[in-house]
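Contents: one structure, followed by commentary.
The values are calculated or read from the model by the stated rules, or taken from the named source; none is laboratory data. Owing to the predicted nature of the structure, the values given are computational and were not obtained by experimental measurement. As a convention, Cβ positions derive from the backbone with ideal geometry for all residues, glycine included, and neighbour counts pool all protein chains shown. With ligands, DNA and RNA removed, areas are computed over all heavy atoms of the protein, side chains included. Shrake-Rupley method; radii C 1.70, N 1.55, O 1.52, S 1.80 Å.
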Amino acid sequence: MASRNCRWELLAASLTLTLALIHLVEANLEGDALYALRRSLSDPDHVLQSWDPTLVNPCTWFHVTCNQDNRVTRVDLGNSNLSGHLAPELGKLEHLQYLELYKNNIQGTIPSELANLKSLISLDLYNNNLTGKIPTSLGKLKSLVFLRLNDNQLTGPIPRELTKIPSLKVVDVSSNDLCGTIPTGGPFEHIPLQNFENNSRLEGPELIGLASYDTNCN
């Protein structure tokens, strides 16, 4: 009996250690992803100074919030005088709910890898210098509520994949260089037209069947 109890205790201890190691590895992966973002950005005000990759996990870093399992749920770097570009490694933060990078000077494109952020509620990239198209893959973000991409230099049509996100409540793509027509399906039915203003090649609202959604995009 004592031998059997000893085996169970060893098994329980081994399982506990394994779970702890899994959490440690996952936390390190998230730290690596955030450190990739730090390396891709210029930070003259040193707001990312605490982002030390040698720490066990990134939960002690400033501007990072974690849940009780030490998984990253928020990155708050709005209005931080950052420039550079967005790292595709951000897509590895699978528990991230809020990505707040508004009012900076971030350039380049929106990584399609952000579509891997299945828990994302808010994507705030407004008031930057982002270029390129809005990734169609963002339509996979089925928990997304807030999508604010206004005041950038984004081009191309508004992806129709976004109309398939039932949770979406706020969309603002005003003051870009978008083309085509304004979607009217799904959550876009309730988005005010002012959230599409100052896109000189954008027409709408869309009259389904009467005009191609990507009109004026050539």
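Quick look at the values:
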{"read-out": "Residue pairs meeting the criteria (Cβ under 8 Å; at least 6 apart or on separate chains; first more than 18 Å from Gly91 (Cβ to Cβ), in region 60-78; second among the acidic types (Asp, Glu) and surrounded by fewer than 18 Cβ atoms within 10 Å (Cβ to Cβ))", "value": "Trp61/Asp52; His63/Asp76; Thr65/Asp76"}
{"read-out": "Answer from Val145, Val170 - the residue that is within 28 Å of Ser83 (Cα to Cα) and in contact with a helix residue (DSSP H, G or I) (Cβ under 9 Å, 6 or more places away or on another chain)", "value": "Val170"}
{"read-out": "Output for region 133-151, where each listed residue is part of a loop (DSSP other than H, G, I, E, B) and within 16 Å of the chain's Cα centre (by Cα)", "value": "Ile134, Pro135, Leu141, Lys142, Ser143, Leu144, Val145, Leu149, Asn150"}
{"read-out": "Strands (runs of 3 or more DSSP E) fully within region 49-124 counting 2 or more residues that are crowded, with 17+ Cβ neighbours inside 10 Å and among the aliphatic types (A, V, I, L, M)", "value": "72-76"}
{"read-out": "Among (1) under 16 Å from Tyr126 (Cβ atoms); (2) acidic (Asp, Glu); (3) within 18 Å of the chain's Cα centre (by Cα); (4) open to solvent by 50 Å² or more (accessible area, probe 1.4 Å) - the single one Asp177 does not satisfy", "value": "(3)"}
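This table checks each residue for (1) at pLDDT below 95; (2) not aliphatic (A, V, I, L, M).
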position	(1), (2)
Thr136	no, yes
Leu141	no, no
Glu161	no, yes
Asn199	no, yes
Glu203	yes, yes
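Conditions tested, residue by residue: (1) farther than 19 Å from Ser122 by Cα; (2) open to solvent by less than 10 Å² (accessible area, probe 1.4 Å); (3) in contact (Cβ under 8 Å) with a residue 60 or more places away in the chain.
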site	(1), (2), (3)
Asn152	no, no, no
Gly156	yes, yes, yes
Lys169	no, no, no
Pro183	yes, yes, no
Glu203	yes, no, no
